[in-house]
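Data block below; observations after.
Bear in mind that the values in this text are calculations on the coordinates, not laboratory data. What you see is a predicted model; the values in this text were computed from it and never measured. Ideal geometry is used to build each Cβ from the backbone, glycine not excepted, and the neighbour counts take in all protein chains shown.
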Amino acid sequence: MKRAQLLSSDKDLAQQPLLGGFLNIDKPAGWTSHDVVAKLRPLLRMKRVGHLGTLDPEATGVLPICFGKGTKLATFLNNADKEYDAVLRLGEETDTEDATGKVTRSSDIPDTLKGEAAESALRAALLSFVGPYMQQPPMYSAIKMNGVPLYKVARSGKVVKRTARPVTIREILFLGMHGKDVAFKVSCSKGTYIRTLCLDIGRRLGVGAHLLSLRRTRAGDFHLDDAVDLDSFSAHCQEGVWQKYAYPLDMALSGLPILTVKASQVSRVLNGVQIGFEGLERWEVFDQGVSLRFLNPEGALIAIGQALCPSESNFSGGGEQEAPFKIKTILNS
């Protein structure tokens, strides 16, 4: 997904405020995702700023940011797949499952995992995780148990039983090995902990492992090639031209079917009134359960809805029948 050149010049950008959208920030190491939001909020001069898909403090890479009206659309983007470049270290497990923790188990590396002989064994172990698998969340995570984040329980020295959750590994590519360190690329579903994946790979190999480094290269339609580092973005904010790095609301939802609302019905939609097919100028075919984009005649996004049934199953040309969709999120403020 490419950034939109919304206005014709830096002067235009400085004079015309953007009320909502998304940013693609390359998060630096040592920053929490919340730190990045706290940094951006005063720079953007907006209270409503959030992030999509948390990155651990030492991880780097794509951190999508939503601001203004974009915060209303976060739930529609949080389910996107992610891609990472990762390095795991064989022979050591840690209490955090990454390089920031204390070593809890050490193992010697057998000859089968050294030199050229190691590649086939490593490829087989990596590929064995492709597809759905049940992953136990790490203790050092924000998942809550009885209302308390697990990382707070872990800091008190306790370890509690966690329920494994289904995740999906779409693809794993072996990139190389240097000593005890194994580099790989992974594409996975939301909610996948790469730290835990490294732990599980190490245990499958019989030597244990932990995550050494992590860089997110994609989150949904946000790619690392298009990301801007935080220092550069801060400088552009000072210059008043940060909007050239913004993605419009509609662009971030480009995969959703479009329903164009008649001019006479736009105010009704913005006031929370449900409409039917008779209130639309045109629409794209949609299936039951999918999210839908509602645009005004000028092409601006005004609402997000959900299909209650397929578009072709409930339309007979009459204006009185029940609409096969429901408007759920309105973007009027």
### Task
Given a cut-off of 21 Å, name the pairs among LYS262/LYS328; LYS27/LYS244; LYS69/LYS244; LYS39/LYS244; LYS82/LYS114 whose C-alpha atoms lie farther apart than that in the structure shown.
LYS82/LYS114
### Message
To the nearest 20 Debye, how big is the dipole of the range 82-219 about its Cα centre, given +1 on the beta carbon of each Lys and Arg and -1 on that of each Asp and Glu?
### Response
800 debye
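Pairs of alpha-carbon atoms within less than 8 angstrom and 6+ residues apart define the contacts here; what relative contact order does the range 125-223 have, in percent? Please report the intermediate quantities before stating the final value.
On the way: 131 pairs, mean separation 24.2, N = 99.
Taking the mean separation of contacting Cα pairs over the length of the range 125-223, I get 24 percent.
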### Query
How much net charge surrounds LYS102 when only other residues with a Cβ under 13 Å from its Cβ are counted (Lys, Arg +1; Asp, Glu -1)?
-3
### Query
Which Cα, out of ILE109, SER187, VAL167, lies furthest along the positive dipole direction of the range 82-219 (beta carbon charges, K/R +1, D/E -1)?
VAL167
## Note on the structure
Inverse of <1/r> over all distinct C-alpha pairs of the range 166-260, i.e. the Kirkwood Rh in Å, gives 16.8 Å
### Query
Which peptide among 61-67, 159-165, 132-138, 112-118 comes first, and what is the full order, when sorted by highest mean count of other Cβ atoms within 10 Å?
61-67, 132-138, 112-118, 159-165
### Task
For the range 192-333, just list the percent of Cα-Cα distances falling in each 5 Å bin from zero outward, please.
2, 8, 14, 14, 11, 9, 9, 10, 9, 6, 5, 2, 1, 0
### Query
Just for the Cα atoms in the range 256-330, what are the lengths along the principal axes, largest first, rounded to whole Å?
27, 24, 19
### Task
Sort out for me the Cα centre separation of the range 130-191 from the range 88-129, rounded to whole Å.
15 Å
### the range 82-219: proportion of alpha-carbon pairs further apart than 17 angstrom, %
59 percent
### Query
the chain: percent of C-alpha pairs farther apart than 27 Å?
55 percent
